[in-house]
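Please treat every number below as a calculation from the coordinates, not as lab data. Only a predicted model underlies this, so the values are computations on that prediction, with no experimental measurement involved. Positions of Cβ are backbone-derived with ideal geometry, glycine not excepted, and every protein chain shown enters the neighbour counts.
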Amino acid sequence: MIDSLAKHYEIEKKAERLFKIRIDQNELLRTINFIGSSSNFMTLSQITCADWIEDEVFTLNYILTTEQRNKNLMIALDIPRDKSKLPTILHLFPQAEVMERDLHEMYGIDFIGNATLYDFALENWKEIPPLRREFDTLAYVNEQFEFRAGREDNKDVKAETKRRRAEAKKLKAKMEAKK
Amino acid sequence: MEEGFIDYQKVLDNEEHAIKSTQSVIQKAVDWFRSKSMFVLAYGTGCGAIEMPPTFTSRYDIERIGVVGVATPRQADILIVSGYCSYKTLKRVIRSYEQMNEPKYVIALGSCTINGGMYWDSYNTIKKLEDYIPVDMYVNGCMPRPEALIEGFVKLQANIKDAKREAGYIKYRENNAFYKTNQKKIFGDNIEPTYEANFVGMNQ
């Protein structure tokens, strides 16, 4: 199955059961249609998005799964951050409705043809979509909420964990030396 | 302060909330009956909802102290806000709370309701529940065990019985402007779930 697809696409083997192909954004519908109809990758299990603000692109992964649920195929494509538009794949996979709606809310990607791109988890959200990396969560939180007193002396978790581990290690070494 | 509870924290226990007048005998009896029959709204927000089934079923069986679950806010005395509260949930919580008949009490379960907990820097999770609805009892922990919740109920029963402290619903009635201002601050004018969210795509 993978071999037959390899005739048409350049397939990268990411893990034992995970494969990846990279396509151009214009080829999305054609590719998914072709793979969905001609191979065993028949279920869309997820659409993921990563925000590469340095390259000014969103990388979307359409993850397809086989009927036996034993292999996954990632179809990766880049879209520009400022004109983030893609055709919907609703007519091929109805379950994409929620995933596209979620991506629209969290990243502001428009899926042309999907009629359900209204509020989902966030109601009356007025800022830019919160998972875009230019959205400053901490500044927003500090402005929007009042914290209860007592968090002023909070410490950096990573540094504190490191320090405590070093201390415990020292103590252990001391105990062992005593023995 | 007893371990596992922020019952006596300053927020709830300052002077102004202490009731100075003495109770009449009838009022005492009424409060005693009230404390022995607490109807809890079967509603869960966040991960604390997981702790409620064991609390109400045979393992911990909270019914032995008079706590029963009911289906609708209009029959309930107690609302348990069991964990983090996002904007969307908070709207529903406020709506449920306002539908409940007085006397009504709120138990806030978990660190998230106290100071945001692990969601302290989340963009859509509230940090202090008592800004939006009055809280009668905080049970801290992440998550608190059913034992902690039961002890919270027992403390709340004692508070109701002895009328030590002004109940939350009275605060909500008297300082309504304070709560409404805070609610307005995050919801804008759509304080209640008005179902007028952005349904642009719906008509297509």
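So, counting K/R as plus one and D/E as minus one, what does the shell of residues with Cβ under 9 Å around residue A:56 add up to? Every neighbour counted, the sum reads -2. Expressed to the nearest 5 percent, the antiparallel share of DSSP beta bridges inside chain A is 75 percent.
The phi torsions of the range A:133-142, fed into the Karplus equation with coefficients 6.51, -1.76 and 1.60 and a -60° offset, translate into couplings of 6, 6, 6, 8, 4, 5, 5, 4, 5, 5 Hz, rounded to whole numbers, with Gly and Pro shown as x. Taking all Cα-Cα distances within the range B:23-172, those exceeding 28 Å account for 14%. Taking each DSSP H run with n ≥ 4 as -39500 (n - 2.57) and averaging over every residue of the protein assembly as shown yields -10000 deg cm²/dmol at 222 nm. Scattering from the protein assembly as shown was approximated by placing one identical point on each alpha carbon and applying the Debye formula without solvent; log10 I(q)/I(0) at 0.06, 0.09 1/Å stands at -0.36, -0.73.
All C-alpha to C-alpha distances of the range A:2-151, sorted into 10 Å bins beginning at zero, yield P(r) values of 10, 36, 30, 15, 7, 2, 0 percent in whole numbers.
For the range A:46-59, putting each phi into the Karplus relation 6.51 cos²θ - 1.76 cosθ + 1.60 with θ = phi - 60° gives couplings of 6, 10, 10, 9, 10, 9, 9, 5, 5, 8, 6, 9, 9, 9 Hz, in residue order, rounded to whole numbers and with x for Gly and Pro. Across the cross-link table entries B:128/B:171; A:155/B:127; A:14/A:155; A:83/B:185, which are compared at the Cα atoms, the separations over 28 Å belong to A:14/A:155; A:83/B:185.
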